[in-house]
Amino acid sequence: MFFALTDDQRDFGAAVRDFLAGKFDTEAVRAVVEDPDGDGLPATLWQAMGEQGWLAALVPEEYDGLGLGLVEAQVIARELGAGVAPGPWRGTVLAAEAIRLAGSKSQQQQWLPKLAAGEVVGALALRGSTEDGWPAVEYAGSADLLVVADAFGLRLLRADEVSTRRLDSFDGTTRLATVTLADGVGEPLPGGSVEVHAQLAARAAVLIAADLVGGAREALTRTVAYDRERKQFGVPVGSFQAIKHSMADLHVGVTMAEHAVLYAAHALDTGAGGGTTLDDAAALAVAVAKSKASDAAQLVTGAMIQYHGGIGYTWEHEAHFFYKRAKRLAGTAGTAAEHRERIAALTIG
């Protein structure tokens with residue numbers, strides 16, 4: 001069976017890519033990176049996310065969404081990764097997914113249209129709850145609405161019901177914060193079962209993996225283009241056999257990761273019973289995708305620095321945007337090692 005994106009899905013990705021190239025390129029990203037005290041939420045980019053339907057992809061049509069699947073959402077995530085774009089797109093989409101899968105009808109009616117339109121910023125905290133709260137939650141400090149997981153299930157909280165503490169991050173394309181809240185605040189999502197928690201974790205892993213492979217592909221493309229022009233001993237360095245072989249290996253690794261992410265999104269769209277229960281086949285696909293994406297992105301973005309020579313190590317070059325983002329996301333929603341343990345458990349017991 002031939003498995004690939006449809007023309008419409010490719011066009012959706014091209015629209016995101018074209019917007020970023022024309023309206024929010026790496027110089028705009030640099031402005032966010034070099035303003036660590038800012039909120040990391042550029043108004044023009046956030047407005048586009050709402051107006052162009054990037055936030056509405058997974059929201060049902062009855063709540064003013066596009067009613068698409070995770071395959072389409074990972075297309076968007078891949079392009080945002082390629083553009084090393086900042087902003088709370090993923091947290092808002094995943095908060096909406098939590099409400100879609102676990103919320104009551106009234107909660108869905110109240111919040112899904114607003115999340116789809118970008119009228120409110122969302123954040124999701126699934127992992128790592130401690131006595132000090134939920135650490136390193138993306139854009140928690142900017143969120144109007146948060147969904148957090150605790151021992152009792154999933155809770156929906158407004159910004160005035162939580163406390164956030166800004167965390168420093170080596171990745172300047174995001175903003176992280178620790179979230180704490182008092183006992184009893186917020187409203188429960190009535191369908192917040194263990195199965196829904198697993199489904200949300202899987203969807204988060206796929207969207208992060210898509211971001212990783214998008215960044216990896218762009219890093220590789222830029223590196224190949226540069227090494228075709230950069231000369232040593234009177235010839236392009238890309239003509240040296242050692243570099244050609246390395247680039248070919250990296251291309252194969254990125255391609256396999258891209259396919260794994262696409263299949264994992266498809267598996268979640270089609271193989272999860274009723275949209276809430278994560279079956280073993282889908283869980284395996286997710287673990288393969290996240291592990292491959294994490295490995296490939298770290299290898300390629302590291303090679304981007306090396307194969308750009310001296311300029312690649314400088315602050316003025318954009319290579320470190322890709323490398324730092326890849327390093328951070330590789331450890332988010334499960335490391336490659338953790339996902340390989342999951343693969344082993346699902347295949348050999």
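The values are calculated or read from the model by the stated rules, or taken from the named source; none is laboratory data. These figures come from a predicted structure and were not determined experimentally. Positions of Cβ are backbone-derived with ideal geometry, glycine not excepted, and every protein chain shown enters the neighbour counts. Just so you know, the surface numbers come from the protein's heavy atoms only, side chains and all, with ligands and any DNA or RNA stripped out. Shrake-Rupley method; radii C 1.70, N 1.55, O 1.52, S 1.80 Å.
Tabulated data
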quantity	calculated
Yes/no for Val224 being of a type in the set (A, V, I, L, M, F, W, C), surrounded by 20 or more Cβ atoms within 10 Å (Cβ to Cβ) and part of a helix (DSSP H, G or I)	no
Answer from Ala98, Ala15, Ala21, Ala4 - the residue that is among the hydrophobic types (A, V, I, L, M, F, W, C) and under 30 Å from Leu156 (Cα atoms)	Ala98
Boolean, Ala248 is outside the structural domain of Gly103 (by TED's automatic domain parsing), part of a helix (DSSP H, G or I) and farther than 30 Å from Leu68 by Cβ	yes
Residues of the stretch 300-331 satisfying the condition of being open to solvent by 60 Å² or more (accessible area, probe 1.4 Å) and touching a residue at least 12 places away in the same chain (Cβ under 8 Å)	Tyr323, Lys327
Among residues of the stretch 32-81, those that are closer than 30 Å to Gly271 by Cβ and not in a helix (DSSP H, G or I), counted	15
Enumeration of residues in the stretch 170-190 that are surrounded by fewer than 18 Cβ atoms within 10 Å (Cβ to Cβ) and not in a strand (DSSP E or B)	Phe170, Ala182, Asp183, Gly184, Val185, Pro190
Unmet criterion (only one of (1) buried (at least 24 other Cβ atoms within 10 Å of the Cβ); (2) farther than 12 Å from Val16 by Cα; (3) charged (D, E, K, R)) for Glu62	(1)
Every residue from the stretch 308-326 that is over 23 Å from the mean Cα position of the chain (by Cα) and of a type in the set (D, E, K, R)	Glu316
Unmet requirement for Arg127, which otherwise passes all of (1) in a helix (DSSP H, G or I); (2) over 22 Å from Lys23 (Cβ atoms)	(1)
Evaluation of Glu79 against (1) open to solvent by 40 Å² or more (accessible area, probe 1.4 Å); (2) among the charged types (D, E, K, R); (3) closer than 20 Å to His259 by Cα (one fails), failing number	(1)
Qualifying residue in the stretch 130-142 (condition: touching a Ser or Thr at 6+ places or on another chain (Cβ under 6 Å), assigned to a helix (DSSP H, G or I), in contact (Cβ under 8 Å) with a residue 12 or more places away in the chain and not basic (Lys, Arg))	yes
Single condition Val224 does not satisfy, out of (1) modelled with pLDDT under 95; (2) over 18 Å from Ala326 (Cβ atoms)	(2)
Criterion: modelled with pLDDT of 95 or more, buried (at least 24 other Cβ atoms within 10 Å of the Cβ) and either among the hydroxyl-bearing types (Ser, Thr, Tyr) or assigned to a helix (DSSP H, G or I) (or both) - qualifying residue of Ala98, Ala85	Ala98
